[in-house]
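Working notes for the structure below.
The values are calculated or read from the model by the stated rules, or taken from the named source; none is laboratory data. Note that the coordinates shown come from a computational prediction; the quantities given were computed from them, not determined experimentally. All Cβ positions, even for glycine, are placed from backbone atoms using ideal geometry, and neighbour counts span all protein chains on display.
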C-alpha cells in the first residue's frame, strides 16, 4: 500500500493481519486506518491500537444514530412512493434493473399474490425462533430493523403498514428483549435430537444492544 493510503475495515477483523497493520501504522508505512471490528471485543485496554494517533476506532454501530433509526422508515416510504409514482427512486443502487421488462412483469403479476399467500412475514432469526418454539415472535430490537416498527411507542407502526399495505396480522408479536417466548418443542426433538422443554429467550440485535451498552439514548 502507498504511504498515503488509509485502510478502512468495517467488515470482520479476520480480514486483516492485525500485527501487520499495527506495525504499518506505527512505522507510518500507511497514513492511517479506520476500524470498527477487532479480533477481541471489546478492544483490550493494552491494545497497541489505542496508543496510535493515526487510527480511528469506533464500535460496529457508527451509523446507528437516533436520527438514522427515526428517519429511515420515512425515507424508505418516500422512495417506494417515488418508485410507483414516476419510477425515480433516489436510493436504488442498480436503477438499470427497472428497465428490464421481466422485472416490471414479475412485480405486476406476482408481488401482490406473494404477500396475500404468505402466512407470516418473519426475519431469519424470527423463523429460527418459530422452528424452535412454534411461536411467531420477535423482539423490539430486531423489529426495529424492519423499518416497520415505532421505536418510541414500541409497537408496529400502523401508519407505515397502512401506506405499504402490509397486514398487521402477518407480523410476529413484538416482545421485550430478554423475554421468554416458549420452549423447544417435541417436533424439534424429533428433527434434531435436541431435548424438548428447553426455555427459549429472545436476546436482541447486536448493534441495538451495543448502543444500549454505550449509553446511547
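Across region 168-190, what is the total count of residues that are outside any loop (DSSP other than H, G, I, E, B), within 16 Å of residue 143 (Cβ to Cβ), over 17 Å from the mean Cα position of the chain (by Cα) and touching a residue at least 12 places away in the same chain (Cβ under 8 Å)?
Qualifying residue count, region 168-190: 5.
Which one of these is part of a loop (DSSP other than H, G, I, E, B) and surrounded by 13 or more Cβ atoms within 10 Å (Cβ to Cβ): 141, 135?
Matching residue, one of 141, 135: 135.
Can you report the number of residues in region 42-56 which are out of contact with any strand residue (DSSP E or B) (no Cβ under 6 Å at 6 or more places or on another chain) and in contact (Cβ under 8 Å) with a residue 12 or more places away in the chain?
3
Which residues, counting only those in region 75-94, are surrounded by fewer than 13 Cβ atoms within 10 Å (Cβ to Cβ) and in a helix (DSSP H, G or I)?
84, 85, 86
Do we find a residue being in a helix (DSSP H, G or I) and under 19 Å from residue 121 (Cα atoms) anywhere in region 191-201?
No; the residues of region 191-201 include none that is in a helix (DSSP H, G or I) and under 19 Å from residue 121 (Cα atoms).
Any residue in region 11-24 that is touching a helix residue (DSSP H, G or I) at 6+ places or on another chain (Cβ under 8 Å), more than 24 Å from residue 141 (Cα to Cα), outside the structural domain of residue 158 (by TED's automatic domain parsing) and surrounded by 13 or more Cβ atoms within 10 Å (Cβ to Cβ)?
yes
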